[in-house]
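Before any comments, here is the structure.
The values are calculated or read from the model by the stated rules, or taken from the named source; none is laboratory data. These figures come from a predicted structure and were not determined experimentally. Cβ: placed from backbone, ideal geometry, glycine included. Neighbour counts: every protein chain shown. Ligands, DNA and RNA are stripped out before the accessible areas are found, and what is left, the full protein with its side chains, is counted by its heavy atoms. Shrake-Rupley method; radii C 1.70, N 1.55, O 1.52, S 1.80 Å.
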Amino acid sequence: MAEEIDYKKIKFKCGLEIHQQLDAKGKKLFCECPAILRNDKPDFEIERKLHAVAGESGEVDVAAQYQASLGKTFVYSGNKENSCLVELDEEPPREMNEEALKIGVQIALLLNCKIIPVSQIMRKTVIDGSNTSGFQRTVLIARDGYVETSSGNVRIDTICIEEDSARKIRTDGNKIYWNLDRLGIPLIEIATGPDIKSPEQAKEAALHIGDVLRSCKVKRGIGTIRQDVNISILGENRIEMKGVQDMKMFIKTIENEVLRQKKMHDSGNPTKAEVRNALPDGNSEFLRPMPGADRMYPETDLPLLKISRDFINECKKDMPALRSQIAGDFKERGLSEEMIKLVLSEDKIDEFKSLIGDYSNINFVAKMILLYPKEIASKENKTLEEVESIISEYYSDILRLLKSKKIHESDVKDILTKVANGEKYEDAIKIEKADNSEIEEKILKIIKEKPGLNANAYMGLVMKEMKGKINGKEAMEIIGKLVGGKK
């Protein structure tokens, strides 16, 4: 950076807010609609205006007043399959999705939090159009946790479960268009205390929380996680930075915001409490004034949320292991770094664990379930989903055949390819083997026809010619003998 920052001297305060969609049996939080996004033609469309209302304190929140002053009209579209009268705010919500609560409690326990036994579900005023009702339902389930970092612990102040917002489609003049498919998907909100002492510690804490989330049943992909950073210096007002997702730009974005606030402070221009949008280049832009406590009021259509000791104990019975711990276990068992990354990133942990008891070469098991389906799909012009749905049921059988030495590792991809193309598994595993004299004769013929190649080049030609009648190890031994081991 052009300017060195002494974060202690400028009284740097920083906290994180992380919002992550939960995969709660594919359902929304307060109804039975499936939690899926759609891009086909909607079944209906409605228009609404939203108005600011007083919160529990009797005052109207400043952020709500600002949004109302813009005078926007909101157009909502949706499909009957995944948007019902609850999303349209024409019908009271159902009771809370119990699976979402279980996932939330497990995340809270992994973050060392205390579970709150009785909570009031609240309405949080939001009138930017992202919710048809003008509020978002949210409930506090845990507090007073912490994550460990190399620079000290960072407190987890609160953990809430809430509804995700509608999905913005476009803006056309004074109208904003939304799709209701995302509205109501279960979302967990994790808020840390302002304990973070540097951008580097902020990133470390964010990565640790991310590890916890990915270890649990959460949705994956673009738009399923949103990360905000709260920053203040020199006793000035707090700024909330929205959408700080890109971990490559994470530290730079915080540094730029600190420099912006320091410049304003040094010029005698106090920092205003506001919400800003993080931009891809590491800078930010104004979004709206900072909301306050005036926007919260009780949800009258739902009972108190009660989390019993028995429910907590049930959550503890199948607590997930952290992905970092799983990676360490796989490494100890001999799985390569490349395969560890693939197993974790492609969410194949459970499938991989279920198979490695069938065969000792766990790197081959990983290769079979992670690489072979992609190679077969590409070669046979099929979708990956199509190939995996056909071949995955035979993985265990194939590994048992390998263990009993009835087939060789070099036979497996050919077997799976045949199965993917519709051949019966019983026929695909019948590997025709040639005798040694026939093999040597054919290999010698290949070498005479194409003299001067190295052993690896001959290997490719031999495997193509023999079509599964010999495994790679045997072929290389014969080639090495005939060409003198020339690589």
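If one takes the longest principal axis of the Cα atoms in the chain, at what angle in degrees, from 0 to 90 and to the nearest 10, does the Cα axis of helix 436-449 lie?
80
Express the accessible area of the chain per residue in Å², computed with a 1.4 Å probe while the remaining protein chains stay in the model.
Working: 24540 Å² over 487 residues.
Solvent-accessible surface per residue comes out at 50 Å².
Could you run the Karplus curve 6.51 cos²θ - 1.76 cosθ + 1.60 with θ = phi - 60° over the stretch 86-101 and give me ³J(HN,Hα) per residue in whole Hz, x for Gly and Pro?
5, 5, 7, 6, 10, 8, x, x, 7, 5, 4, 4, 5, 5, 4, 5
Given the pairs Lys27/Lys317; Lys379/Lys405; Lys41/Lys102; Lys28/Lys424, which span a C-alpha to C-alpha distance of over 31 angstrom in this model?
On the way: Lys27/Lys317 23 Å; Lys379/Lys405 27 Å; Lys41/Lys102 34 Å; Lys28/Lys424 40 Å.
Result: Lys41/Lys102; Lys28/Lys424 exceed 31 Å.
Using the beta-carbon distance between Asn283 and Lys448 and R0 = 60 Å, what value does 1/(1 + (r/R0)^6) give for FRET efficiency, to the nearest 0.05? Kindly include the intermediate steps, with their values, before the conclusion.
Working: r = 68 Å, r/R0 = 1.13.
Using R0 = 60 Å, I get an efficiency of 0.30.
On a straight-distance basis, which lysines could pair with Lys9 in a cross-link, Cα separation under 28 angstrom, same-chain partners fewer than 8 positions away excluded?
Lys197, Lys203, Lys242, Lys248, Lys252, Lys262, Lys263, Lys272
Could you calculate the FRET efficiency of Arg94 with Val118 from 1/(1 + (r/R0)^6), where r is the beta carbon distance between them and R0 is 30 Å, rounded to 0.05?
Between Arg94 and Val118 the formula returns 0.90.
For the chain, find the longest principal axis of its Cα atoms and tell me its angle to the long axis of helix 323-332, 0 to 90°, nearest 10.
With rounding to tens, the tilt is 20 degrees.
Not counting ligands, DNA or RNA, and with a 1.4 Å probe, what is Arg143's accessible surface area in Å² rounded to the nearest 10?
Surface accessible to solvent at Arg143 totals approximately 100 Å².
Mind listing the long-range amide H neighbours of Glu163? Cut-off is under 5 Å, sequence gap 5 or more, other chains count too, H placed in the peptide plane at 1.01 Å from N.
It is Arg137, by chain and number.
At a Förster radius of 51 Å, what calculated FRET efficiency corresponds to the Cβ-Cβ distance of Lys197 and Lys382, to the nearest 0.05?
On the way: r = 52 Å, r/R0 = 1.02.
Calculated transfer efficiency: 0.45.
Along the charge dipole of the chain, Cβ charges K/R +1 and D/E -1, which of Ile391, Ile225, Ala52 sits furthest on the positive end?
Of Ile391, Ile225, Ala52, it is Ile391.
Can you list the HN-Hα couplings for the stretch 179-194, worked out from phi with the Karplus curve (6.51, -1.76, 1.60; θ = phi - 60°), rounded to whole Hz and with x for Gly and Pro?
My calculation for the stretch 179-194 gives 10, 7, 5, 7, 4, x, 5, x, 9, 9, 10, 10, 10, 8, x, x Hz in order.
How large is the dipole of the chain about the Cα centre if only Lys and Arg carry +1 and Asp and Glu carry -1, each at its Cβ, rounded to the nearest 20 debye? Don't jump to the answer; show the numbers that get you there.
Working: 78 positive and 82 negative charges, 231 e Å.
Dipole size: approximately 1120 debye.
Between Gly292 and residues 5 or more places away or on another chain, which pairs have amide H atoms under 5 Å apart, with H built 1.01 Å from N, and which residues are they?
It is Val62, Ala63, by chain and number.
Report the local net charge at Glu255: Lys and Arg +1, Asp and Glu -1, summed over other residues whose C-beta lies under 13 Å from its C-beta. Numbers along the way, then the final one.
Values: positive: Lys203, Lys252, Arg260, Lys262, Lys263; negative: Glu3, Glu4, Asp6, Glu200, Glu257, Asp281.
Within the 13 Å Cβ shell, the charges total -1.
Please express the shape of the chain as an equivalent ellipsoid: the semi-axes are the square roots of 5 times the eigenvalues of the C-alpha gyration tensor, given largest first in whole angstrom. Walk me through the numbers on the way to the answer.
Numbers: eigenvalues 584, 154, 101 Å².
Square roots of five times the eigenvalues give 54, 28, 23 Å.
At 222 nm, what helix-only mean residue ellipticity would the chain give, in deg cm²/dmol to the nearest 500, using -39500 (n - 2.57) for each DSSP H run of four or more? Present the calculation step by step, with values, prior to reporting the outcome.
Values: 17 runs with 179 residues, N = 487.
Using -39500 (n - 2.57) per qualifying helix, the result is -11000 deg cm²/dmol.
What full-extension length gain, to one decimal in nm, is calculated for Ile36 and Ser345 as 0.36 nm per residue of separation minus the Cα-Cα distance?
Numbers: separation 309, 0.36 × 309 = 111.24 nm, distance 2.11 nm.
Result: 109.1 nm gained on full extension.
Please go through the residue pairs Lys367/Lys481; Lys348/Lys413; Lys217/Lys316 and name each one whose alpha carbons sit more than 22 Å apart in this structure.
Working: Lys367/Lys481 29 Å; Lys348/Lys413 19 Å; Lys217/Lys316 14 Å.
Where the Cα-Cα span goes over 22 Å, the pairs concerned are Lys367/Lys481.
In the stretch 323-461, what is the volume of the convex hull around the alpha carbon atoms, normalised per residue and reported in Å³? Please list the in-between numbers first.
Values: hull volume 20.0 nm³, N = 139.
Normalising the Cα hull of the stretch 323-461 by residue number yields 144 Å³.
Work out the charge dipole of the chain with +1 on the Cβ of Lys and Arg and -1 on the Cβ of Asp and Glu about the Cα centre, then indicate which of Pro303, Pro320, Ala35 is farthest towards its positive end.
Positive-most Cα among the choices belongs to Pro320.
Nearest 10 degrees is fine. How inclined is helix 455-466 to the longest principal axis of the chain, computing both from alpha carbons?
The angle comes out near 80 degrees.
Shape of the stretch 101-256 from its Cα gyration tensor (a ≥ b ≥ c, root eigenvalues): rounded if a/c is under 1.5, otherwise prolate when a/b > b/c, or oblate? Present the calculation step by step, with values, prior to reporting the outcome.
Values: a/c = 1.70, a/b = 1.24, b/c = 1.37.
Oblate, since a/c reaches 1.5 and b/c is not below a/b.
Using the Karplus equation 6.51 cos²θ - 1.76 cosθ + 1.60 (θ = phi - 60°), what ³J(HN,Hα) coupling, rounded to whole Hz, does each residue of the stretch 411-424 give in order, writing x for Gly and Pro?
Computed from phi, the couplings for the stretch 411-424 are 7, 5, 4, 5, 4, 5, 5, 4, 5, 4, 8, x, 6, 5 Hz.
So how strong a dipole does the stretch 95-187 carry about its Cα centre when Lys and Arg Cβ are +1 and Asp and Glu Cβ are -1, to the nearest 20 debye?
In debye, rounded to 20, the stretch 95-187 gives about 240.
Compare the Cα positions of Ala273, Leu335, Ala166 along the charge dipole of the chain (+1 at Cβ of Lys, Arg; -1 at Cβ of Asp, Glu; about the Cα centre) and return the one farthest towards the positive end.
The residue sitting most towards the positive pole is Leu335.
Any chance you could check the Cα centroid distance between the stretch 184-259 and the stretch 368-416 for me, in angstrom?
So the two Cα centres are separated by 40 Å.
Charges only on Cβ, +1 for Lys and Arg, -1 for Asp and Glu: so what's the dipole of the stretch 296-341 about the Cα centre, in debye to the nearest 20?
Numbers: 8 positive and 9 negative charges, 37 e Å.
The calculated dipole for the stretch 296-341 is roughly 180 debye.
Rg and Dmax of the stretch 200-300, using alpha carbons, in Å: what are they?
Expressed in Å, the Cα Rg and Dmax of the stretch 200-300 come to 15.5, 48.
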